[in-house]
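A.B. asks: Sharing a structure, written as C-alpha cells. Questions coming.
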Amino acid sequence: MEFATTESQTMIAQAVRDLCERELRPNLMDWDESQHFPKDLFRNHFGPAGMLGVLVPEEYGGAGLGYFEYISTIVEVAKICGSVGLSVAAHNSLCTGHILYFANDEQKRRWLPKLATGEWIGAWALTEPNTGSDAMRMKCTARKEGSEWVLNGTKCWITHGISSDAVVVIARTGELLDSKGMTAFVVERGTPGLKAGKKENKLGMRASETAEVIFEECRVPEANVLGNVGEGFQQAMKILDGGRISIAALSLGIAKGAYEASVKYAKEREQFGQPIANFQAIAFKLADMATRIEAAELLTLQAADLKNRGKKMTKESAMAKYYASEVAVWASNEAVQIHGGYGYTKDFPVEKFYRDSKLCTIGEGTSEIQKLVISRQVLKG
Ligand SMILES: Cc1cc2nc3c(=O)[nH]c(=O)nc-3n(C[C@H](O)[C@H](O)[C@H](O)COP(=O)(O)OP(=O)(O)OC[C@H]3O[C@@H](n4cnc5c(N)ncnc54)[C@H](O)[C@@H]3O)c2cc1C
C-alpha cells in the first residue's frame, strides 16, 4: 500500500490552513468560551472555498473531489479547532452525504447546490434520548396521510440542530426492531412542526452546536423521502461507514495539532538548564505520539482508498475511527503533560485539544461499538 500525497492534496491542505489561520484561529477561544457556532464562517468563507461540498460533483455545486482531499480538509481544520472540524465533517458526510448517495436527481438539484456552497447548513438526525448505540429501537415516527408524511418525536445530540436549514431525519415507518421499518426524510427549516430544542452545554467541541430537534405533527411531502420507504436504517448504516472516516480524520487533526504544539514547546521550554526535549522521558513521549499518529493516518488513508474505489470498507473505517480517536485522546493527554502547568491553562492550545478529543471516541459510534463492528466482520470471514 502506498499513499503518496498528491499535488492537489498539498494545495488543498495549504489553502485550508491559510483560511483557518486567518478566519478561525483569532476567534476560536471566544467561540469555545461562548459556545458560538460560527455560521458566518461557514457561509462566507468555507462554502465559497469548496469545503462544504468536498465530495459533491461540480454539476451539483460541489468541489467534486475524493476522500483523500476530504481527509486533508478535515485534518487541517481540526489541527486548529476540533469543534469547527466536527461541524465541517458533519455537514459534509452526514446531511450532504446522505442526500448525495441516496437522493434522486431532482432532489440532488434541489438541495445539494445550497448545501455545497454554504448557503444552507445541514443536520443529520438519527440519535434519540433513549436510542444512541441502539438506533433500531428509535421512537420517532412518520405516518402516511395522503401524499404527505407526518413526523412526530424527538432527536437529540444533533449537530446544527438549531442553525441548520435542512435536516435529514431517520424515522420509524414500520414495526419496532424491523430493520426495514425506517425511512429517511429531508425536512426544511420553516416547515411547521419542526422545532429546535435544548442546546447542550458541552465539555469540548463547544463551537459545534449540538441540540435537540423536535417534530410535532410535522408534515413533509412524499417528494422529501430519500430512496425508498423502509430503507432508512440501511442508508444510515452506510452513511456511518463513510462518517467514520470523517471522525478518523477529525481525530487525526486533533492528534497532529496536539503533537505539533508539543514538539514546539519541548524545544522551547527549559528546565534544569536545558530544553525539556533533551529529557528522554519527554522525547520518548514525542516518539510514541509520532508513531501512533502515523499508524492512525495509514488506517484512515486505507479506508479512504477503499471508499474512493467504491469498495466495502465497514471493517476498515471502523478500525480507522476506533484507533485514531483513541490516539487523539491519548496524544492530547500527553500534550498537556508535556506542557506541565501551562498545558492546564487556556493560554496554550493543548487543553482544548484534550477537551475536544473525547468526543471522537463517542460520536458516530462509540469505541465499544466500533469493536463490535470490527469483531463481527472478523468473525464472519
Ligand atoms: C457532540 C456530539 C455530536 C453528535 N452529533 C450527532 C448528530 O449530528 N446526529 C446524530 O444522530 N447523533 C449525533 N450524536 C450522537 C452520538 O452518535 C451518540 O452519542 C453515540 O452514538 C452514543 O450514543 P449514546 O450517547 O446514547 O450512548 P449509549 O448508546 O447509551 O452508550 C453508553 C455506553 O454504553 C456502551 N454500549 C452501548 N451499547 C453497547 C454494546 N452493545 N456493547 C458494548 N457497549 C455498549 C457505549 O459504548 C457507551 O460507553 C452526537 C453526539 C455528541 C456527543
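The values are calculated or read from the model by the stated rules, or taken from the named source; none is laboratory data. All values reported here derive from a predicted model rather than from experimental measurement. Methodologically, a virtual Cβ is constructed for each residue, glycine included, from the backbone with ideal geometry; neighbour enumeration extends over all protein chains shown.
A.B. asks: So residue 346 ticks every box in (1) basic (Lys, Arg); (2) within 19 Å of residue 205 (Cβ to Cβ); (3) within 16 Å of the ligand (Cβ to nearest atom); (4) surrounded by fewer than 20 Cβ atoms within 10 Å (Cβ to Cβ) but one. Which box is left unticked?
C.D. replies: Answer for residue 346: the failing condition is (3).
A.B. asks: Do you know which of the residues in region 46-62 that are touching a residue at least 40 places away in the same chain (Cβ under 8 Å) and outside any loop (DSSP other than H, G, I, E, B) is nearest to residue 347 (Cα to Cα)?
C.D. replies: 46
A.B. asks: In addition: Among the residues of region 160-172, write down those that are in contact with a strand residue (DSSP E or B) (Cβ under 6 Å, 6 or more places away or on another chain), more than 8 Å from the ligand (Cβ to nearest atom) and not in a strand (DSSP E or B).
C.D. replies: 162, 164
A.B. asks: Scanning for something more than 27 Å from residue 359 (Cα to Cα) and touching an Asp or Glu at 6+ places or on another chain (Cβ under 6 Å), does region 237-247 turn up at least one residue? First the steps, then the outcome.
C.D. replies: If we filter region 237-247 for residues that are more than 27 Å from residue 359 (Cα to Cα), which is where we start, we get none.
No, region 237-247 contains no residue that is more than 27 Å from residue 359 (Cα to Cα) and touching an Asp or Glu at 6+ places or on another chain (Cβ under 6 Å).
A.B. asks: If you don't mind, another one. Go through (1) touching a residue at least 12 places away in the same chain (Cβ under 8 Å); (2) closer than 22 Å to residue 86 by Cα; (3) touching a Lys or Arg at 6+ places or on another chain (Cβ under 8 Å) for residue 176 and report which single condition fails.
C.D. replies: (2)
A.B. asks: Turning to a different aspect of this structure: Looking only at helices (runs of 4 or more DSSP H) that lie completely in region 304-381, which have at least 2 residues being in contact with a Lys or Arg (Cβ under 6 Å, 6 or more places away or on another chain)? It would help to see each step written out before you state the result.
C.D. replies: Details: elements: 314-339, 350-357, 367-380.
Where helices (runs of 4 or more DSSP H) fall fully within region 304-381 and carry at least 2 residues being in contact with a Lys or Arg (Cβ under 6 Å, 6 or more places away or on another chain), they are 314-339, 367-380.
A.B. asks: Here's something else I'd like to know. Looking at (1) touching a helix residue (DSSP H, G or I) at 6+ places or on another chain (Cβ under 7 Å); (2) closer than 29 Å to residue 257 by Cβ, find the lone condition where residue 90 falls short.
C.D. replies: Here residue 90 meets the rest and fails (1).
A.B. asks: Related question: Test each condition in (1) outside any helix (DSSP H, G or I); (2) of a type outside the set (Ser, Thr, Tyr); (3) farther than 27 Å from residue 84 by Cβ; (4) within 14 Å of the ligand (Cβ to nearest atom) for residue 233 and report the one that comes out false.
C.D. replies: (1)
A.B. asks: Out of 37, 42, which single residue is of a type in the set (Phe, Trp, Tyr) and part of a helix (DSSP H, G or I)?
C.D. replies: On the way: 37 fails: part of a helix (DSSP H, G or I).
Step by step, each of 37, 42 is checked, and only 42 is of a type in the set (Phe, Trp, Tyr) and part of a helix (DSSP H, G or I).
A.B. asks: Now, a different point. Among the candidates 312, 285, 346, single out the residue that is touching a helix residue (DSSP H, G or I) at 6+ places or on another chain (Cβ under 6 Å) and outside the structural domain of residue 132 (by TED's automatic domain parsing).
C.D. replies: Working: 312 fails: touching a helix residue (DSSP H, G or I) at 6+ places or on another chain (Cβ under 6 Å); 346 fails: touching a helix residue (DSSP H, G or I) at 6+ places or on another chain (Cβ under 6 Å).
Among 312, 285, 346, only 285 is touching a helix residue (DSSP H, G or I) at 6+ places or on another chain (Cβ under 6 Å) and outside the structural domain of residue 132 (by TED's automatic domain parsing).
A.B. asks: List the number of the failed condition for residue 201; all other conditions in (1) more than 16 Å from residue 98 (Cβ to Cβ); (2) buried (at least 24 other Cβ atoms within 10 Å of the Cβ) hold.
C.D. replies: (2)
A.B. asks: Identify all residues within region 369-381 that are in contact (Cβ under 8 Å) with a residue 24 or more places away in the chain and near the ligand (Cβ under 10 Å from one of its atoms); write none if there are none.
C.D. replies: Start the filter on region 369-381 by keeping residues that are in contact (Cβ under 8 Å) with a residue 24 or more places away in the chain, which leaves 369-371, 373-374, 377-378.
Of everything in region 369-381, those that are in contact (Cβ under 8 Å) with a residue 24 or more places away in the chain and near the ligand (Cβ under 10 Å from one of its atoms) turn out to be 369, 370, 371.
A.B. asks: When you scan region 237-252, do you find a residue that is without any contact (Cβ under 8 Å) to a residue 60 or more places away in the chain, more than 11 Å from the ligand (Cβ to nearest atom) and not assigned by TED's automatic domain parsing to the domain that holds residue 151, even just one?
C.D. replies: Let us first name the residues in region 237-252 that are without any contact (Cβ under 8 Å) to a residue 60 or more places away in the chain, namely 237.
Next, from what is left, pick out any that are more than 11 Å from the ligand (Cβ to nearest atom): 237.
Pick out the ones that are also not assigned by TED's automatic domain parsing to the domain that holds residue 151 and you get 237.
Yes, there is a match, as at least one residue in region 237-252 is without any contact (Cβ under 8 Å) to a residue 60 or more places away in the chain, more than 11 Å from the ligand (Cβ to nearest atom) and not assigned by TED's automatic domain parsing to the domain that holds residue 151.
A.B. asks: Okay, moving on. Does region 290-307 contain any residue that is touching a Phe, Trp or Tyr at 6+ places or on another chain (Cβ under 8 Å), surrounded by 14 or more Cβ atoms within 10 Å (Cβ to Cβ) and farther than 30 Å from residue 54 by Cα?
C.D. replies: No, that holds for no residue.
A.B. asks: Go through (1) of a type in the set (Ser, Thr, Tyr); (2) within 26 Å of the chain's Cα centre (by Cα); (3) in a helix (DSSP H, G or I) and name the single condition residue 183 misses.
C.D. replies: So the condition that residue 183 fails would be (3).
A.B. asks: Within region 349-367, which residues are in contact (Cβ under 8 Å) with a residue 40 or more places away in the chain and within 7 Å of the ligand (Cβ to nearest atom)? Even if it seems obvious, please write down each step before you answer.
C.D. replies: Looking only at region 349-367, we keep the residues that are in contact (Cβ under 8 Å) with a residue 40 or more places away in the chain, and these are 349-350, 352-360, 363-367.
359, 363, 364, 365, 366, 367, listed by residue number.
A.B. asks: Quick one: in region 204-217, of everything that is outside any loop (DSSP other than H, G, I, E, B) and surrounded by 22 or more Cβ atoms within 10 Å (Cβ to Cβ), which residue is farthest from the ligand (Cβ to nearest atom)?
C.D. replies: Here is the first cut: in region 204-217, the residues outside any loop (DSSP other than H, G, I, E, B) are 210-217.
Filter once more, keeping what is surrounded by 22 or more Cβ atoms within 10 Å (Cβ to Cβ): 210-211, 213, 215.
Values: 210: 4, 211: 10, 213: 9, 215: 14 Å.
Here the answer is 215.
A.B. asks: Tell me which of these residue 262 doesn't satisfy, since it passes every other one: (1) of a type outside the set (D, E, K, R); (2) over 17 Å from the mean Cα position of the chain (by Cα); (3) surrounded by fewer than 22 Cβ atoms within 10 Å (Cβ to Cβ).
C.D. replies: So the condition that residue 262 fails would be (3).
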